[in-house]
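The values are calculated or read from the model by the stated rules, or taken from the named source; none is laboratory data. Nothing here was measured: the structure is a model prediction, and the numbers come from that model. When we count neighbours, we look across all protein chains shown, and the Cβ atoms used for this are built from the backbone with ideal geometry, even at glycine. To get the accessible areas, we keep the full protein, side chains included, count just its heavy atoms, and leave off ligands, DNA and RNA. Shrake-Rupley method; radii C 1.70, N 1.55, O 1.52, S 1.80 Å.
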Amino acid sequence: MDVTQWIIFFFVIQVLHGLATWKLYIKAGRQAWEAFVPVYNAIVLMKIINRPWWWTILLFLPIVNLILFPVVWVEIARSFKKNTALDTFLAIFSLGFYSFYLNYAAKDLHHVKDRSLQPRTELGDWVSSILFAVVAATIVHTYFIQPFVIPTSSLEKTLLVGDFLFVSKVHYGARTPETTIALPMIHDAIPGTSTPSYFKFPQLPKFRFPAFQSIKRNDIVVFNWPVDTLVDINNENGGVRYKPVDKKTNYVKRCVGLPGDTLSIKEGYVYINGKKNELPDRAKLQFFYKVILNDVSAESIYQKYGITEKYERYVFKTSANNWNKAEFQNYLKVKKIGTEVLKQDSTEVRFLSNLDQKSFDLLKLEIAEKALYVNLTEDLANIMTSDPDVLTVTKDLSNSTTENIFPKSQGYTWNRDFFGPIYIPEAGKTIALNLDNLPLYKRAITAYEGNTLKVKGNQILINDKVVDSYTFTEDYYWMMGDNRHNSQDARMWGFVPFDHVVGKPVLVWMSWDSNAKGINKIRWNRLFTTVGGNGKLTSYFIPFLVLLGLVIGFNKYRKRKKA
């Protein structure tokens with residue numbers, strides 16, 4: 001629904017409310033016209049049902065209002081002595097239209113001006129408490145702070161798998177939900193199912209509250225994955241469906257590119273406008289390294305250096321004569337077997353390849369050694385280089401020209417380690433648009449900014465008009481993981497529009513290591529640590545416990561004093 005349709009819908013609801021309640025307003029000592037005036041009628045209604053005026057605000061908060069509307073319908077009935085279970089049932093399951101019956105057909109209605117708001121039964125008290133706890137939690141979750149758990153290792157060493165975060169919505173400006181009908185605090189699917197937790201329609205227009213700060217370079221940011229259409233996020237080959245922006249899967253990455261930047265990647269390092277991007281000291285860049293061992297077991301190395309992300313490949317060897325035979329090379333070509341030569345001289349060739357046993361036997365190969373591919377920080381790689389049990393440590397840089405890399409178009413042979421340059425769009429800025437750079441910006445122009453785009457011969461048509469330039473209406477960002485060789489990030493799917501930004505992680509309140517045992521599953525040194533900042537990571541868990549103890553003690557003292 002667009003803005004005009006929502007305005008029409010709003011006034012229709014106001015008219016229906018007036019028609020359903022104007023006589024009730026009169027019985028409560030108010031004027032009939034007050035039932036028809038938008039917003040003011042809700043303020044007056046709160047007085048009639050003896051509820052605070054600020055409930056009116058809650059009635060206009062998406063998702064929260066879905067909880068509050070049934071409460072108000074029941075409160076209207078009870079304010080006119082309709083207190084039975086049947087009255088409650090009819091008020092809720094008629095979607096409020098029970099008020100029409102009260103307004104026009106019910107007999108002997110009397111308004112209870114100062115009725116007690118205390119629930120009459122223990123069940124009623126329990127339901128009331130639950131409802132308002134859900135309302136409060138939904139407001140906090142939607143507009144202020146959202147809990148988030150790190151599911152993958154894309155920011156490993158900086159943020160760990162199993163870190164539980166508090167994500168601030170207010171730093172970059174909280175978004176109002178576009179999805180108007182959804183289960184509170186349930187993001188995408190009903191837990192344990194693939195059933196959506198929301199209705200796709202109607203959708204609210206985009207709106208964002210003012211921000212306290214803009215996204216800064218190297219900020220860690222939570223955002224909605226722009227290309228998400230997966231029914232099951234863990235099954236890339238499974239079913240797909242349309243998802244509203246606010247129901248796309250939440251991702252967390254580091255923002256290394258801002259609107260207006262020109263970004264490139266060389267040997268895995270990010271360069272902004274030609275200058276190498278310097279990360280905060282808490283950031284821990286990681287790459288996969290190829291490690292060749294001396295006569296020691298791989299497991300001993302894994303344990304010695306705490307390596308968790310790794311895989312192993314064999315290094316094959318053959319004579320130089322065998323390698324140079326036409327039959328040998330033709331076999332590799334026909335079978336499309338790729339090789340990476342590690343060492344070649346006049347007598348022997350050593351190489352890496354994904355070979356099956358049949359090819360290994362036919363080519364008359366031998367196994368020279370086992371190569372470990374391990375994910376390391378640069379500091380750890382330097383330490384391993386001087387280890388006598390390690391022969392070589394080499395960064396596993398890609399030389400591929402066929403990786404599944406943005407923009408996934410012919411003419412672009414970028415890979416994970418060598419990428420760009422690419423201009424990151426900025427709102428209000430105009431770029432020259434041609435067939436060469438169109439693959440970079442097509443999705444932004446169409447999916448994110450809502451235009452139609454066609455190519456006819458050498459001409460580009462946007463909204464059926466021939467163009468040779470385009471002016472962006474939104475800011476875009478480049479999000480990447482610190483774990484450069486194990487991160488699903490912007491190198492795969494491109495820009496993140498600002499309307500997809502959810503918030504800023506500010507605190508790790510819990511950290512759970514599923515690979516540890518017993519009490520060590522909790523990473524105690526990470527509890528209540530800040531996400532941003534520089535310097536040594538500091539836990540504020542003990543100060544939190546002290547503060548909590550003081551609050552509990554003060555409350556007990558106050559209750560005892562009142563008694």
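Kindly point out which whole DSSP H helices in the chain project their C-alpha atoms 20 angstrom or further along the helix axis while averaging a Kyte-Doolittle hydropathy of -0.5 or above. Don't jump to the answer; show the numbers that get you there.
Values: long enough: 3-27 (36 Å, 1.17); 64-78 (22 Å, 1.60); 122-143 (32 Å, 1.17); 541-562 (32 Å, 0.42).
Passing helices, by number: 3-27, 64-78, 122-143, 541-562.
How much length is gained if the chain between Asp2 and Tyr101 is pulled fully straight, taking 0.36 nm per residue apart and subtracting their Cα-Cα distance, in nm to one decimal? Don't jump to the answer; show the numbers that get you there.
Details: separation 99, 0.36 × 99 = 35.64 nm, distance 3.30 nm.
So the extension gain works out to 32.3 nm.
Would you work out which of Thr179, Tyr104, Val127 lies farthest towards the positive end of the dipole of region 65-199, given +1 charges on the beta-carbon of Lys and Arg and -1 on that of Asp and Glu, about the Cα centre?
Projecting each Cα onto the dipole axis, the largest value belongs to Tyr104.
Would you mind getting the accessible area per residue of region 227-382, heavy atoms of the protein chains only, 1.4 Å probe, in Å²? Present the calculation step by step, with values, prior to reporting the outcome.
Details: 8320 Å² over 156 residues.
With all protein chains present, region 227-382 gives 53 Å² per residue.
For Trp54 and Ser469 in the same chain, what is the full-extension length gain: residue separation times 0.36 nm, less their Cα-Cα distance, in nm? Could the numbers behind the result be given before it?
Details: separation 415, 0.36 × 415 = 149.40 nm, distance 4.89 nm.
Once the chain is fully extended between Trp54 and Ser469, it gains 144.5 nm.
Under a 1.4 angstrom probe, counting protein chains only, how are Ser353, Ser469, Ser514 ranked by accessible area, largest first? Each step should come with its number before you reach the end.
Working: Ser353 10, Ser469 50, Ser514 80 Å².
Highest to lowest solvent-accessible surface, that is Ser514, Ser469, Ser353.
Given the protein chains as shown and a 1.4 Å probe, how many square angstrom of Ile26 are accessible, to the nearest 10?
80 Å²
Give me log10 I(q)/I(0) at q = 0.14, 0.18, 0.27 Å⁻¹ for region 336-423, Debye formula, one equal scatterer per alpha-carbon, no solvent.
Computed log10 I(q)/I(0) values: -0.78, -1.05, -1.32.
Among Ser319, Ala447, Val374, which residue has its Cα furthest toward the positive end of the charge dipole of the chain, with +1 on Lys/Arg Cβ and -1 on Asp/Glu Cβ?
Working it through, the farthest residue towards the positive pole turns out to be Ala447.
Could you tell me the center-to-center distance, by alpha carbons, between region 354-417 and region 47-112 in angstrom?
Rounded to whole Å, the Cα centres lie 67 Å apart.
Under the √(5λ) rule applied to the eigenvalues of the Cα gyration tensor, what semi-axes describe the equivalent ellipsoid of region 301-379? Give them in Å, descending.
Semi-axis lengths for region 301-379 are 29, 14, 11 Å.
Obtain the nm distance between the two label points defined at Lys536 and Lys395 by a simple spin-label model: each point lies 7 Å from its Cα along the Cα-to-C-beta direction.
Taking the simple label geometry, Lys536 and Lys395 are separated by 2.9 nm.
Return one whole number: the accessible area per residue of region 383-467 in Å², for a 1.4 Å probe.
Heavy-atom accessible area per residue stands at 57 Å².
Can you give the log10 of the normalised intensity I(q)/I(0) at q = 0.13, 0.19 Å⁻¹, computed with Debye over equal Cα scatterers of region 411-563?
Debye intensities relative to I(0), on a log10 scale: -0.82, -1.22.
Using only Cα atoms, locate the centre of region 251-314 and the centre of region 129-190, then give the distance between them in Å, rounded to an integer.
Computed from Cα coordinates, the inter-centre distance equals 29 Å.
How would you order 60-68, 283-291 from highest to lowest mean count of nearby Cβ atoms within 10 Å?
Numbers: 60-68: 17.4, 283-291: 21.3.
My ranking of the peptides, most packed first, is 283-291, 60-68.
Ordering Lys27, Lys243 by how much accessible area each has at a 1.4 Å probe, largest first, what is the list?
Values: Lys27 105, Lys243 5 Å².
The most accessible residue leads, giving Lys27, Lys243.
Please work out the FRET efficiency for the pair Asn525 and Ser386, using the Cβ-Cβ distance as r and a Förster radius of 35 Å; give the result to the nearest 0.05.
Numbers: r = 28 Å, r/R0 = 0.79.
Rounded to the nearest 0.05, the efficiency is 0.80.
Compute, for region 396-490, the length of the dipole vector about the Cα centre, with Cβ point charges of +1 (Lys, Arg) and -1 (Asp, Glu) only. Units Debye, rounded to 20.
Details: 9 positive and 12 negative charges, 79 e Å.
The calculation lands at about 380 debye.
Whole number please: convex hull volume per residue, Cα atoms of the chain, in Å³. Write down the numbers at each step before the final one.
Numbers: hull volume 130.6 nm³, N = 563.
It is 232 Å³ per residue.
Quick one: with all protein chains in place, what share of the accessible area of the chain is carbon or sulfur, to the nearest percent (1.4 Å probe)? The partial results should precede the final answer.
Numbers: 17740 of 30410 Å².
Here carbon and sulfur together make up 58 percent of the probe-accessible area.
State which stretch of the chain is the longest one without any exposed GluC sites (Glu not before Pro), exposure meaning a DSSP loop state and at most 13 other Cβ atoms within 10 Å.
Working: sites that count: Glu236, Glu267, Glu278.
No qualifying site falls inside 279-563, the longest such stretch.
Less than 15 Å Cβ to Cβ from Ser409, Lys/Arg counted +1 and Asp/Glu -1: what total charge do the surrounding residues give? Don't skip to the end; give the middle numbers.
Values: positive: Lys408, Lys442, Arg443, Arg491; negative: Glu403, Asp436.
Spelling it out: positives minus negatives among the neighbours equals +2.
In region 306-348, which trypsin sites (Lys or Arg not before Pro) fall in coil by DSSP and have 15 or fewer other Cβ atoms within 10 Å? All intermediate terms of the calculation are to be shown ahead of the outcome.
Working: sites: Lys310, Arg313, Lys317, Lys325, Lys333, Lys335, Lys336, Lys343; in loops: Lys325, Lys335, Lys336.
Passing both the DSSP loop test and the Cβ count: Lys325, Lys335, Lys336.
I'd like to check one number: the per residue accessible area of region 17-100, probe 1.4 Å, reported in Å² as a whole number. Can you show the working numbers first?
Values: 3970 Å² over 84 residues.
Counting only protein heavy atoms, the per-residue value for region 17-100 is 47 Å².
Among Leu66, Ile431, Ser511, whose Cα projects farthest towards the positive end of the dipole of the chain, with charges put on the beta-carbon of Lys, Arg (+1) and Asp, Glu (-1)?
The residue sitting most towards the positive pole is Leu66.
Distance from the Cα centre of region 1-45 to that of region 512-563, in angstrom?
48 Å
Relative to the Cα centre, what is the charge dipole magnitude of the chain, using +1 at the beta carbon of each Lys and Arg, -1 at the beta carbon of each Asp and Glu, and rounding to the nearest 20 debye?
2180 debye
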